[in-house]
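Colleague: Sharing a structure here in structure tokens format.
The values are calculated or read from the model by the stated rules, or taken from the named source; none is laboratory data. The shown structure was predicted, so the numbers you read here are calculated from the model rather than taken from an experiment. Note: ideal-geometry Cβ built from the backbone for every residue, glycine included; neighbour counts use all protein chains shown. Areas reflect the complete protein model, heavy atoms only, side chains present, ligands, DNA and RNA absent. Shrake-Rupley method; radii C 1.70, N 1.55, O 1.52, S 1.80 Å.
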Amino acid sequence: MTMSVIARSRGSDMKPKMAAPAREVAENVSDVKRSTRRARVSAVAKSVSVTWSACCMLVLVYEIAFVGLDARREHMLNVYYQAPVVATLACLMWARNVIVWHRLRLSPSPLICFSVEHTETELAEQFYRVAYMCALGLLTSMVFFLKTYDVDEPFAATSILLVTYILPLVIWMWPNHKKFGGHMRAYGRRLLYHCLTPFSRPVGFADFFFADVLCSLAKSLSDLERVGCSMRHGIMLIHKSNGRCGDRSWRIPAVLVVPSTIRLLQCLRQFRDTRERKCIYNAIKYMSAFPVIIISGVRHLIEHEDWTAFWRPLWIGFCVFNTSFSFYWDIRHDWSLSMLGGSTRRLGEKTPFGLREKRIYGSPGVYYRAILLNLLLRISWTYKLAPHLRHHSGVLWLATAAEITRRFHWSLFRVEVEYLRRIAHE
């Protein structure tokens with residue numbers, strides 16, 4: 001009797017011990033099934049999105065190249081889609097920069113300049129995903145907008161434009177930090193707040209870097225102002241370049257100077273904190289963009305004879321000064337290269353001409369090509385502000401894309417200088 005009780009008790013003690021490994025195996029199998037299911041769903045979704053984007057691209061090419069766009073539809077695409085396309089290109093260029101730093105296998109990562117906790121691969125993947133989703137959404141929006149554009153029945157086309165602008169803004173402002181790159185969205189909102197309140201705290205590297213990117217997006221910001229103005233006045237589908245919210249609006253130059261004003265105030269805050277005279281010179285550089293922008297706006301308010309006799313030569317003079325000063329500052333201060341003065345080359349030192357001893361991109365040819373490219377694209381940025389180009393949508397698209405490309409190409413070497421400074425300090 002006693003032996004049977006003992007045997008039963010031992011059996012009952014062994015059941016949980018035998019059941020535990022079985023549960024672990026079952027959980028592992030379930031996890032594998034879930035991951036496999038997710039991978040299949042992801043692969044199907046990727047295939048569908050690629051197919052859909054290819055179809056949208058073919059439709060756009062057919063509409064533009066074979067059917068042809070009338071002046072109204074071309075104007076609508078230029079006004080309402082230039083800014084989101086350039087923002088998508090900016091995400092793509094930033095992801096490309098992060099990949100460049102990842103391939104250099106630097107330790108620590110140059111991302112320490114931005115106090116970002118993500119790894120390079122994670123950050124690049126997030127921005128590539130954002131750029132891809134934005135491109136897919138824009139292609140879809142363009143196709144449906146062109147197909148539904150009708151001044152007499154504006155509801156469908158207007159709704160598409162509103163969704164195109166409001167949905168990304170809602171996602172960016174959504175407070176959830178676990179989905180849709182929540183931490184990076186919060187980081188972006190924080191940078192924007194710092195830029196809008198430059199005197200509230202010392203200016204960090206990420207703060208003025210973000211403001212410099214906004215300077216390259218100034219044209220896109222003015223396009224956003226047109227969109228907002230058209231929404232307020234209910235003229236989204238009947239917007240005219242010479243009408244309300246058009247080229248004669250004083251709001252366009254007012255918005256164009258906002259990014260440069262932010263950088264100007266940041267430079268003044270840096271001067272207050274550091275008392276370095278270089279901050280004042282940097283502030284003057286950003287102030288030199290004001291006459292270029294303001295005179296471009298004046299062009300639409302004066303007679304052609306007055307423009308050619310007085311204002312255009314004055315505008316060209318300010319353009320030359322701003323471009324030359326900005327190019328000098330890029331090379332001498334932002335990139336810390338000695339090509340335009342300030343050489344510290346010592347006797348017997350083998351540093352290539354015009355460069356510095358410490359570099360992370362290796363070949364001197366990389367730096368020489370970057371200098372030449374920066375000069376050419378600087379000129380294109382100034383030319384983009386020419387008032388007559390507001391009627392040449394194709395040239396404007398190319399000039400705006402070239403400027404955002406220049407900015408992120410510039411950022412490779414600007415981050416390099418900050419990275420080397422921090423490594424030396426540590």
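Conditions tested, residue by residue: (1) under 30 Å from Phe208 (Cα atoms); (2) in contact with a Leu (Cβ under 7 Å, 6 or more places away or on another chain); (3) at pLDDT 85 or above; (4) surrounded by fewer than 17 Cβ atoms within 10 Å (Cβ to Cβ).
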site	(1), (2), (3), (4)
Arg299	no, no, no, no
Ile316	yes, no, yes, yes
Ser324	yes, no, yes, yes
Asp334	yes, no, yes, no
Leu337	yes, yes, yes, no
Ser343	yes, no, no, yes
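Colleague: Could you please give the count of residues in segment 50-63 that are under 16 Å from Leu138 (Cα atoms) and loosely packed, with under 15 Cβ neighbours inside 10 Å?
Modeller: 8
Colleague: Follow-up. Run down Ser42, Ser53 and say which single residue is among the hydroxyl-bearing types (Ser, Thr, Tyr), in a helix (DSSP H, G or I) and at pLDDT below 80.
Modeller: Every option except Ser42 fails the conditions.
Colleague: Given the condition under 29 Å from Trp410 (Cα atoms), touching a Leu at 6+ places or on another chain (Cβ under 8 Å) and either open to solvent by 20 Å² or more (accessible area, probe 1.4 Å) or assigned to a helix (DSSP H, G or I) (or both), answer yes or no: does some residue in segment 145-161 qualify?
Modeller: Scanning segment 145-161, I find no residue that is under 29 Å from Trp410 (Cα atoms), touching a Leu at 6+ places or on another chain (Cβ under 8 Å) and either open to solvent by 20 Å² or more (accessible area, probe 1.4 Å) or assigned to a helix (DSSP H, G or I) (or both), so the answer is no.
Colleague: Which one of these is in contact with a Ser or Thr (Cβ under 7 Å, 6 or more places away or on another chain) and buried (at least 17 other Cβ atoms within 10 Å of the Cβ): Ile293, Ile252?
Modeller: Residue meeting the stated conditions: Ile252.
Colleague: Moving on to the next point. When only residues in segment 383-417 that are over 15 Å from the mean Cα position of the chain (by Cα), among the β-branched types (Val, Ile, Thr) and open to solvent by 10 Å² or more (accessible area, probe 1.4 Å) count, which is modelled with the highest pLDDT?
Modeller: Val417
Colleague: Within segment 406-426, work out how many residues are of a type outside the set (D, E, K, R), closer than 26 Å to Ala87 by Cα and in contact with a Lys or Arg (Cβ under 8 Å, 6 or more places away or on another chain).
Modeller: The number of residues fulfilling the criteria is 1.
Colleague: Looking at segment 224-268, which of its residues are polar (S, T, N, Q) and modelled with pLDDT under 90?
Modeller: Scanning segment 224-268 gives Ser230, Ser241, Asn242, Ser249.
Colleague: Checking Ala424 against (1) among the aliphatic types (A, V, I, L, M); (2) more than 25 Å from Leu89 (Cα to Cα); (3) at pLDDT below 85: exactly one of these is not met. Which one?
Modeller: (3)
Colleague: Name the pairs whose Cβ atoms lie under 7 Å apart, with the first residue in segment 157-170 and in contact (Cβ under 8 Å) with a residue 40 or more places away in the chain, the second of a type in the set (S, T, N, Q) and assigned to a helix (DSSP H, G or I), and 6 or more positions between them or separate chains?
Modeller: Note: pairs meeting the criteria are Ala157/Thr148; Thr164/Ser141.
Colleague: It is to be established whether one or more residues within segment 352-369 are among the aliphatic types (A, V, I, L, M), modelled with pLDDT of 80 or more and within 25 Å of Ala95 (Cα to Cα).
Modeller: Looking through segment 352-369, at least one residue is among the aliphatic types (A, V, I, L, M), modelled with pLDDT of 80 or more and within 25 Å of Ala95 (Cα to Cα).
Colleague: Still on this structure: Do you know which of the residues in segment 175-195 that are farther than 18 Å from Leu214 by Cβ and in contact with a helix residue (DSSP H, G or I) (Cβ under 7 Å, 6 or more places away or on another chain) is least open to solvent (accessible area, probe 1.4 Å)?
Modeller: Gly181
Colleague: Hey, another quick one. Suppose we filter Ile171, Ile166, Ile99, Ile112 for residues that are open to solvent by 30 Å² or more (accessible area, probe 1.4 Å) and modelled with pLDDT under 90; which single one remains?
Modeller: Matching residue, one of Ile171, Ile166, Ile99, Ile112: Ile171.
Colleague: May I pose another question? Select from segment 217-238 the residues that are in a helix (DSSP H, G or I), without any contact (Cβ under 8 Å) to a residue 40 or more places away in the chain and of a type in the set (A, V, I, L, M, F, W, C) and list them in ascending order.
Modeller: Selection gives Cys229 alone.
Colleague: Test Arg232 against the stated conditions and say whether it is among the charged types (D, E, K, R) and touching a Lys or Arg at 6+ places or on another chain (Cβ under 9 Å).
Modeller: no
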